[in-house]
Every structure is written in C-alpha cells, then in structure tokens.
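Presented below is the structure to which this report refers.
The values are calculated or read from the model by the stated rules, or taken from the named source; none is laboratory data. In this text the structure is predicted, and so the values were computed from the model without any measurement. Don't worry about glycine lacking a Cβ; one is built from the backbone with ideal geometry, like all the others, and counts go over all protein chains shown.
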Amino acid sequence: MPVPNPCRSAAAPIARRPLGGPLLGAALLLFAASAQADPIGRALALGNASLVVTEGGRTVIADNADRGMVPASTMKLLMALAAIERWGLDHRFTTELRQGRDGRLWVVGQGDPYLVSEELDQVVRALRRQGVRSVNGIGLDDTLFVAGDRIPGRSSSHNPYDAPVTALAVNFNTVNVRVAGGSVRSAEAQTELTPTARRLGAAMGGGTHRVNLKTRDNALEHAGELLALKLEAAGIRVNGGVMVGRAPSGAKVLLTHRNSRPLSKVVENMLEYSTNFVANDLFLLFGERGGQSSMAQSQLAMEDWARGKFGWRSVTIEDGAGLSRGNRLSGRQLIDVLEAMEPYRHLVPVQDGNPNVRAKTGTLSGVSCYAGWVRRGGGWAPFSLLINQPVAYGFRNQVASALATAPTLARY
C-alpha cells in the first residue's frame with residue numbers, strides 16, 4: 001500500500017493524467033530514494049503508526065505515543081519481562097514422573113516449554129539409573145492447563161507458529177518429517193518417528209516439513225508414543241498403551257526432571273525465534289492459580305501485573321505471543337517495558353548485519369512493528385515503532401538503522 005511522500009509540499013499540484021513509462025519509473029525511483037534517505041521522516045508521515053524514542057532519559061521523538069496499537073510479536077518483550085520477574089533468570093521448569101500402584105508410568109506436565117527430545121532422553125536415563133526396567137503403560141496428565149482453551153489469534157495452519165499449547169508438550173508440539181518416495185522418516189536423529197508423525201507426514205508432499213500437531217489429542221498421543229519408543233530403545237519394556245487423564249493421588253513420585261535450560265535461555269530463544277508456543281506457554285504458567293490455568297485467567301493476571309508494575313490505566317493483553325489483533329499497547333508503554341528490560345538487553349536479538357540495533361520484530365498481515373534499542377554514541381536508546389498499516393517488509397529495519405546513525409533526533 002503506498003504511503004504519503006513526506007517530501008511533497010501540500011500545495012503541490014497532482015498530475016491529472018496517469019503516469020506511465022519512463023515518467024512512472026522516474027517517480028518511483030525518486031520516491032524510493034527519498035524514503036531511503038529519510039526513513040524516520042517517512043515513518044512519522046504514516047497515518048496509522050507510532051514512533052517513540054528516548055535518549056539519555058529524555059523523550060526525543062513521541063509520535064502517537066499514547067495511541068493503543070496492535071503490537072504483534074513485540075508483545076513477547078512484555079511476556080519476557082513478566083517471566084523474568086516472576087521466576088528469575090536461573091529458574092528451570094520441571095516435569096514430574098510418577099508410578100501408580102498398577103505400575104503405570106505417569107508423566108505430569110507442569111508447563112515446561114522446552115521438553116524436547118534430548119530432555120526425554122535425560123528422563124529415560126534417570127529412570128534406568130533408578131532401576132526401572134518395565135512399566136505397565138504410560139499415563140499423560142496435562143490438566144494444569146484447561147483443555148480446549150482457545151488462544152486468540154491462533155489459526156488452523158500447519159505452520160509451527162500455530163502449534164497448540166498444552167501443559168505436557170514435546171518439541172513445541174511439532175514434528176519434523178522427511179517425505180520421499182512414498183515413505184515418511186523423522187528428519188531429526190534425536191526424535192524417533194511416531195505413528196502420529198507418520199500419519200501427518202503421509203498427507204504431505206515430498207520434502208522436509210516441520211508441522212504443528214494441530215490438536216491437544218494429537219499432541220498428547222505423539223508425546224506418549226515418543227516416550228514409549230525411547231523407553232523401549234533404552235531397554236525399559238512398556239507393557240500397555242497410553243492413556244490420558246489425571247495422575248492417581250497415590251502415585252509415587254519417581255523423578256522430578258529439571259530442564260537443562262534456565263529461563264534466561266528460554267527467553268533468549270523465544271525472542272530470537274519469536275516462538276509463539278513458548279510465549280503462550282509462559283503466559284499460561286504466569287496465570288496459574290491453585291494448580292490450574294486458562295487463557296482468561298492469564299489475561300487478567302498479566303493485565304493486573306502490568307498495571308501494578310507500570311501504573312498503566314489502559315492496556316489489553318489477550319495472549320503472550322502477540323498473535324491476537326485484540327492486544328493493545330502504546331509506543332510509550334513499550335518504552336516503559338524496554339526501560340525495565342534494560343538489565344536483560346543482551347537477551348534481545350541483534351539486527352542482522354547491524355550490531356547497533358537490538359530489537360524484537362512484530363509481524364501480522366498489515367502490521368509491522370519493531371521495539372528495542374539503538375546504539376547512539378556511547379549509550380543505548382530505547383525505541384518503539386508500531387506500524388498498523390501495510391509497508392515494505394524491511395522498512396522497520398531502515399528506520400531503526402537511521403535512528404542509530406542520525407546525528408541528532410531533535411529535528412524530528
């Protein structure tokens with residue numbers, strides 16, 4: 001969608017006949033050159049955007065600073081800060097293994113967002129060290145999160161970013177398969193091919209595909225199948241099938257597995273790869289009260305925390321990943337978040353090819369956001385850029401780079 005050219009005078013006449021041929025080409029080149037020469041000015045000329053920058057504790061740009069905007073994945077900065085303040089950088093999420101009187105091995109999901117295949121391998125080795133040589137089936141308890149809860153903004157695509165969020169989830173509730181010649185194989189050496197993964201892969205064309213498991217039933221079925229395969233491979237017999245339910249109250253705790261990754265690494269990876277599953281898993285954990293959580297409960301918990309932390313009067317938080325178009329943050333509110341995140345700036349990704357920018361992107365159809373810090377002189381200046389209209393994909397990077405190199409921002 002074209003945007004106004006900030007270099008054109010308001011009184012300049014508009015051509016009455018359509019441009020064509022060399023004249024059109026020259027006009028487009030002139031427009032591109034002017035935008036490239038002053039991306040900050042172009043951002044300020046957008047009709048549905050906000051740009052806020054502070055330098056040395058002083059606001060130097062405040063365009064639509066208090067307008068509530070769709071933040072997209074810049075919402076993950078707020079989620080990261082909330083998680084750090086709730087649990088601390090060294091916190092490690094856990095998964096509990098119990099055994100019922102009938103010999104069934106129960107896996108009690110406690111919302112570990114990074115229960116990947118390598119972590120399951122650690123679980124299996126620990127069980128063997130405890131002398132476990134057989135189990136009478138596997139039980140899966142994911143009751144920490146309300147079943148069937150809807151994540152606002154989540155679509156039904158196969159893409160990994162649309163994975164369902166469950167309290168017991170393996171590999172972010174995705175599978176990675178390679179399809180060739182009518183056969184399906186696992187595309188990961190550390191992850192055995194489960195019947196669920198084979199079934200999903202059979203519906204795909206040739207090539208390597210990472211797809212999400214789409215439903216809670218698929219996610220739990222796959223988790224149980226994968227654990228059973230790993231137990232069998234380690235010499236632990238599984239005598240029985242997989243069932244889903246609540247672990248019996250009398251089940252004996254065999255193991256509390258602490259993830260090898262601390263929260264600092266979880267947050268860093270979430271921000272770098274913009275992992276929606278991890279962000280909304282943390283969101284649900286943040287809202288847990290009395291052994292259960294839901295999206296509605298977490299929405300209230302996050303909004304209450306944000307109001308108490310920053311004194312905000314108006315904020316709408318519908319999910320922790322920024323998937324929902326119902327989320328509303330202002331540019332000034334994002335600056336508040338960044339100022340509080342200053343001790344953790346190293347967790348925010350560096351812009352490709354530009355070490356003077358550390359920022360989190362946010363992208364939805366018609367939404368292009370960027371928030372973080374630009375290095376100016378000897379310090380780092382927080383900025384937030386919230387664009388809720390179509391622009392070129394790389395435009396936000398141009399704006400951030402210009403903020404880092406402009407001799408002064410006062411003229412804006």
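Need pairs with beta-carbon distance below 8 Å; first residue under 14 Å from Arg345 (Cβ atoms) and within segment 262-276, second small (Gly, Ala, Ser) and at pLDDT 95 or above; sequence gap 6+ or separate chains.
Between residues of segment 262-276 that are under 14 Å from Arg345 (Cβ atoms) and residues that are small (Gly, Ala, Ser) and at pLDDT 95 or above, the close pairs are Val267/Ala80; Val267/Ala83; Leu271/Ala80.
Name the strands (runs of 3 or more DSSP E) wholly inside segment 67-166 in which the number of residues that are modelled with pLDDT of 95 or more, buried (at least 20 other Cβ atoms within 10 Å of the Cβ) and polar (S, T, N, Q) is 2 or more.
Qualifying strands (runs of 3 or more DSSP E): 94-99.
Could you list all residues from segment 352-390 that are within 21 Å of Tyr161 (Cβ to Cβ) and not in a strand (DSSP E or B)?
Passing the criteria: Asp352, Ser365, Gly366, Asn388, Pro390.
All but one of (1) within 21 Å of Thr316 (Cα to Cα); (2) assigned to a helix (DSSP H, G or I) hold for Gly41; state the number of the condition that does not hold.
In the conditions (1) within 21 Å of Thr316 (Cα to Cα); (2) assigned to a helix (DSSP H, G or I), Gly41 misses (1) alone.
Every residue in segment 366-387 that is of a type in the set (Lys, Arg) and either touching a residue at least 40 places away in the same chain (Cβ under 8 Å) or within 10 Å of Leu51 (Cα to Cα) (or both), please.
Arg376
Would segment 46-55 turn up any residue that is hydroxyl-bearing (Ser, Thr, Tyr), within 29 Å of Ser298 (Cβ to Cβ) and at pLDDT 50 or above?
Yes, some residue in segment 46-55 is hydroxyl-bearing (Ser, Thr, Tyr), within 29 Å of Ser298 (Cβ to Cβ) and at pLDDT 50 or above.
Yes or no: segment 395-403 includes at least one residue that is among the hydroxyl-bearing types (Ser, Thr, Tyr) and in a loop (DSSP other than H, G, I, E, B).
no
I need the full set of residues from segment 311-323 which are surrounded by fewer than 24 Cβ atoms within 10 Å (Cβ to Cβ) and closer than 16 Å to Thr363 by Cα, in order please.
Passing the criteria: only Leu323.
I'd like the full set of residues that are out of contact with any Pro (no Cβ under 8 Å at 6 or more places or on another chain), within 20 Å of Asp66 (Cα to Cα) and either among the hydrophobic types (A, V, I, L, M, F, W, C) or outside the structural domain of Ala340 (by TED's automatic domain parsing) (or both), limited to segment 372-399.
Ala381, Phe383, Leu385, Ile387
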